[in-house]
Amino acid sequence: MSRTISNPQMVLRLQDMVVLLRLSLGTDSVPTYAALAEELKLTASEIHAGVDRAVAAQLARKDESGKPVLLLHALRLFVQHGVRYSFPATHGPMGRGMPTAHAAAPLNKLIVQSTEPVPVWPHKDGTARGVAFYPLYPTVPDAAKNNPALYELLALVDAVRGGSMRERALAIAELDKRWAS
């Protein structure tokens, strides 16, 4: 008879990165898990589990009241050095969607667009035609539509995940501007 060995390791999931990026926006107060869930089109339990995984990964901590506190320096290092290896870009066929990476703000103002198809998150309400660049999580396009600042962060992280060396460097510089203390 074989024994199953359990592995209690916590592993970051794609939606955890979305939660962390939203928390990095630095609003005056941390929204409730229910409010974050509604905004990010996730469930409150997904938000709660994501925060717990972020705490285990030392990308966040909880304050005395149990609210998440982002460790911005750690998040920056993870985005700069780990996100493209942990959550590599996945591309698909041509289609309609929302521009991302170098095709979305703010990088679309810094990089001269080539004649090649732009990367897009596949989405029924998309305004651009391009090559599918699958978002970190399926709910990302809907969450980004309602929060322009979050859209920019997600697009910048996509540039880090799947862009050229120059695009990654520009994206990190733009993230640094937003995350400067």
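Data table
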| item | result |
| --- | --- |
| Subset of segment 7-26 that is modelled with pLDDT under 80 and farther than 19 Å from Glu152 by Cβ - its residue that is farthest from the chain's Cα centre (by Cα) | Asn7 |
| Among the residues listed as Ser29, Ser45, the single one being among the small types (Gly, Ala, Ser) and either crowded, with 16+ Cβ neighbours inside 10 Å or not in a helix (DSSP H, G or I) (or both) | Ser29 |
| Qualifying residue in segment 53-69 (condition: in a helix (DSSP H, G or I) and under 16 Å from Leu153 (Cβ atoms)) | yes |
| Filtered residue count, segment 77-93, keeping only those that are within 16 Å of Ala173 (Cβ to Cβ) and surrounded by fewer than 16 Cβ atoms within 10 Å (Cβ to Cβ) | 2 |
| Top-ranked residue in segment 27-79 [being of a type in the set (Val, Ile, Thr) and in contact with a Pro (Cβ under 7 Å, 6 or more places away or on another chain); ranked as modelled with the highest pLDDT] | Val51 |
| Where a residue in segment 94-118 is closer than 18 Å to Ala169 by Cβ and touching a residue at least 12 places away in the same chain (Cβ under 8 Å) and its partner, wherever it lies, is hydroxyl-bearing (Ser, Thr, Tyr) and surrounded by fewer than 23 Cβ atoms within 10 Å (Cβ to Cβ), with Cβ under 8 Å and at least six apart | Ala104/Tyr151; Ala105/Tyr151 |
| Residue check, Leu40 under 30 Å from Glu167 (Cβ atoms), buried (at least 19 other Cβ atoms within 10 Å of the Cβ) and not assigned by TED's automatic domain parsing to the domain that holds Ala143 | yes |
| Meets criteria (surrounded by fewer than 20 Cβ atoms within 10 Å (Cβ to Cβ) and of a type in the set (Ser, Thr, Tyr)) for Thr100 | no |
| Test: residue in segment 130-142 that is surrounded by fewer than 19 Cβ atoms within 10 Å (Cβ to Cβ), under 17 Å from Met17 (Cβ atoms), in contact with a helix residue (DSSP H, G or I) (Cβ under 8 Å, 6 or more places away or on another chain) and at pLDDT 95 or above | yes |
| Count of segment 147-171 residues which are surrounded by fewer than 19 Cβ atoms within 10 Å (Cβ to Cβ) and within 22 Å of Leu70 (Cα to Cα) | 3 |
| Number of the condition not met by Val18 [criteria: (1) assigned to a helix (DSSP H, G or I); (2) within 26 Å of Asp176 (Cα to Cα); (3) without any contact (Cβ under 8 Å) to a residue 24 or more places away in the chain] | (3) |
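Results for (1) out of contact with any Phe, Trp or Tyr (no Cβ under 9 Å at 6 or more places or on another chain); (2) closer than 8 Å to Ala132 by Cα, shown as yes or no for each residue.
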residue	(1), (2)
Ala101	no, no
Ala105	no, no
Ser114	yes, no
Val120	no, yes
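The values are calculated or read from the model by the stated rules, or taken from the named source; none is laboratory data. In this text the structure is predicted, and so the values were computed from the model without any measurement. Here the Cβ is made from the backbone with ideal geometry for all residues, glycine too, and neighbour counts use every protein chain on show.
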